[in-house]
Amino acid sequence: MSELRANISAGHERLAKRLAELTEDEARGPSRLPGWTRGHVLTHLENLGRAFRRQAEYALAGKTIEVYDGGRAGRDGGIEAGAGRSAAELREGVLSSIQGLEEIWDQVPGDGWDRPVRYRDSTLLATVFCWWRELEIHFADADLGYGPDDWSPEFCAHALEFLAPRAPEGIRLVLKPTDDPREWAWGSGPEVEATGRLTELTAWMAGRRVDKSLPELAPWP
């Protein structure tokens, strides 16, 4: 848990440093996600951080609650409502959300990470791993000078295990990084090999890189 928290804290520091320089033009500019500005991406991160803080608060009280008030519609509405804010408001919102997450996680006892939450009907620990994925992937989506090529080997390994269900049916998909001794393989059938740098393979599995020579991936798990 300490290593996971350290990785996330490093990501928080990187994001905070970049947001300190965020301009109004950048905030209004397009992200790498179709139809979303950087304001949309940053608002999504802010709102998810607040939602995961609430998951933790309820878990510590022995209760569970939906991730977002109003479900998916509430999530989407919140993103649209906040996306047009000023750069200063976006920065303050994200940093406040991050601080709230770190504060509540500091209150979780050593045996508290297995407490149930409504997020995927899983555990509090699962929300921490999800936040790590969302933080790294959406920081890259924001197109603010941090991209998939900057993802650490530790993050890539975790992301690939999470994204394993995206492997197409009917084949054995084998990922062979050119810069890492590890390999990942899923499924059965004719073998399809994907090669490239570890970050490139992770970006492809995460839908952040197109490679028309490879089969179409299944939906996000």
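Values as computed for the structure displayed
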quantity	calculated
Potential extension, R133-A73 segment - 0.36 nm per residue separation minus Cα distance	19.4 nm
Value at 222 nm in deg cm²/dmol, rounded to 500, when DSSP H runs of n ≥ 4 in the chain each add -39,500 (n - 2.57)	-16500 deg cm²/dmol
Whole-number Å³ per residue for the convex hull built on Cα positions in segment 1-112	105
Net length gained if the chain between R18 and L125 were fully extended (0.36 nm per residue, minus Cα distance)	35.8 nm
K63, K176, K212, ranked by accessible area, largest first (probe 1.4 Å)	K212, K63, K176
Other-chain or far-sequence residues with amide H under 5 Å of V192's (modelled H)	R172, L173, V174
Extent along principal axes [Cα atoms of segment 58-120; Å; largest to smallest]	40, 25, 15
Rounded to 5, percent antiparallel among DSSP beta bridges of segment 80-213	40
Under the Debye formula (equal points on every Cα, no solvent term), log10 I(q)/I(0) of the chain at q = 0.09, 0.11, 0.12 Å⁻¹	-0.39, -0.59, -0.70
Distance (nanometres) between label positions extended 7 Å along Cα→Cβ at A185 and R28	5.3
Cα Rg, Dmax, segment 17-77, angstrom units	14.7, 44
Residues whose placed amide H lies under 5 Å from that of W184, excluding near-sequence neighbours	L175
Viscosity 1.567 mPa s, 4 °C: Kirkwood-radius Stokes-Einstein D of segment 157-221 over Cα pairs, µm²/s	111
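The values are calculated or read from the model by the stated rules, or taken from the named source; none is laboratory data. Because the structure is a prediction, the values reported are computed rather than measured. Note that each Cβ is placed from the backbone with ideal geometry, even for glycine, and that neighbours are counted across all protein chains shown. Side chains included, ligands, DNA and RNA excluded: accessible areas come from the protein's heavy atoms. Shrake-Rupley method; radii C 1.70, N 1.55, O 1.52, S 1.80 Å.
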